[in-house]
């Protein structure tokens, strides 16, 4: 049986660089849980072509293919969670890249 072995995460992907900073971002439901302003913690990523901007990363699967997805953090639009704490939101337009893989035999 053949299957895909995806490349492991690194601290630099497609020009995006992972920093040591962490941020709580209101996902507004795209993750299937943050519908009421709840926030999730993400590492902050940067890109030299977009100085001064912060990005979050997540890896998702669609139809059997994995993608690295980067969303810009939107500090201009704050979302309050049920406790009244405000968190920045994310920009829904994103940069996505298919995760490289190799085929392996079982």
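Just so you know, all these numbers are worked out from the coordinates, no wet-lab data involved. Values in this document were obtained by computation on a predicted structure and should not be read as measured data. Note: ideal-geometry Cβ built from the backbone for every residue, glycine included; neighbour counts use all protein chains shown.
Observations
- Gained length - residue 60 relative to residue 18, 0.36 nm times residue gap less alpha-carbon distance: 13.3 nm
- With the convex hull of its Cα atoms as the shape, region 2-105 has an orientation-averaged projected area of 7.5 nm².
- Note on residue 47 and residue 85: their simple-model spin labels are 2.9 nm apart, each label 7 Å out from Cα toward Cβ.
- Percentage relative contact order, the chain, counting C-alpha pairs under 8 Å, at least six apart: 30 percent
- Among 76, 63, 96, the largest mean-square fluctuation in a Gaussian network model of the chain, built with springs joining Cα atoms closer than 10 Å, belongs to 63.
- Residue 78-residue 103 pseudo-label distance in nm [points 7 Å out on the Cα-to-Cβ vector]: 5.3 nm
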